[in-house]
Amino acid sequence: MAVVRLQLAPNTTNAVGLDSESDFYTQIERAGLQGVPVNAVAIAELLGLVVRHEVMQDDLSGYLERRGNSWVVGVNSYHHPNRQRFSVAHEIAHYVLHRGQQSKFVDSTFARRTGASSDPMEKEADRFAAKLLMPEKNINRLFDSGMTSIQDLASHFGVSSLAMQYRVQELGYSVA
């Protein structure tokens with residue numbers, strides 16, 4: 001006998017009461033989803049988002065699009081699991097921050113989007129995803145306990161070394 005996860009109907013009413021970024025963090029805390037490494041798919045599902053792992057070209061990391069009354073997150077199934085987690089977190093950011101501005105977001109790979117011509121919404125979604133996956137208080141606690149290796153921190157948070165390096169630099173730490 002096998003156990004199979006049922007596909008539940010998507011939440012179309014935004015039952016978590018999400019009106020702001022602050023509401024978002026309150027809701028994930030109430031749901032017990034603030035642990036590290038962050039379960040981005042569970043958070044997406046809490047928000048009523050449908051997450052689909054799909055075959056995509058390598059330079060595409062994912063998308064968020066409205067389909068009828070639902071929002072769907074597509075994630076590149078060929079990418080590393082850490083990259084996929086960041087992509088889901090990035091799409092959650094678009095949902096929380098930008099869903100009233102557009103009905104579709106198609107996102108290229110993070111490392112290829114770092115130039116000055118980047119879309120401000122993409123940068124904002126990247127920062128939101130980094131904050132979600134690598135909470136400042138957890139980083140500070142690890143630094144205080146003596147964990148200062150980018151590799152070790154990245155492994156702890158389930159992110160790439162490059163994402164971890166950007167995050168600690170954003171928090172004011174120097175990387176030697």
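The values are calculated or read from the model by the stated rules, or taken from the named source; none is laboratory data. Since this is a predicted model, take the numbers as computed values, not measurements. Glycine also receives a Cβ, built like all others from the backbone with ideal geometry; neighbour counts cover every protein chain displayed.
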Q) Among (1) modelled with pLDDT of 95 or more; (2) surrounded by fewer than 20 Cβ atoms within 10 Å (Cβ to Cβ); (3) of a type in the set (D, E, K, R); (4) under 24 Å from Asp19 (Cα atoms), where does Arg99 come up short? A) (1)
Q: Can you run down the residue pairs with Cβ atoms below 9 Å, 6 or more apart or on separate chains, where the first is in the stretch 86-104 and more than 24 Å from Met164 (Cβ to Cβ) and the partner is crowded, with 24+ Cβ neighbours inside 10 Å and not hydrophobic (A, V, I, L, M, F, W, C)?
A: Gln102/His94
Q: Consider Tyr63 carefully, then state whether it is at pLDDT 95 or above and of a type in the set (Ser, Thr, Tyr).
A: yes
Q. Does the stretch 97-104 contain at least one residue that is more than 15 Å from the chain's Cα centre (by Cα) and in a strand (DSSP E or B)?
A. yes
Q | Asp107 being farther than 19 Å from Arg127 by Cα and either in contact with a Pro (Cβ under 6 Å, 6 or more places away or on another chain) or of a type in the set (Asp, Glu) (or both) | A | no
Q. What is the residue count in the stretch 105-114 for residues that are at pLDDT below 90 and outside any helix (DSSP H, G or I)?
A. 4
Q) What number of residues in the stretch 27-80 are of a type in the set (A, V, I, L, M, F, W, C), farther than 13 Å from Ile92 by Cβ and in a loop (DSSP other than H, G, I, E, B)? A) 4
Q: Inspect the stretch 142-152 for any residue being closer than 20 Å to Ser20 by Cβ, of a type outside the set (Gly, Ala, Ser) and surrounded by fewer than 16 Cβ atoms within 10 Å (Cβ to Cβ) and give the result as yes or no.
A: no
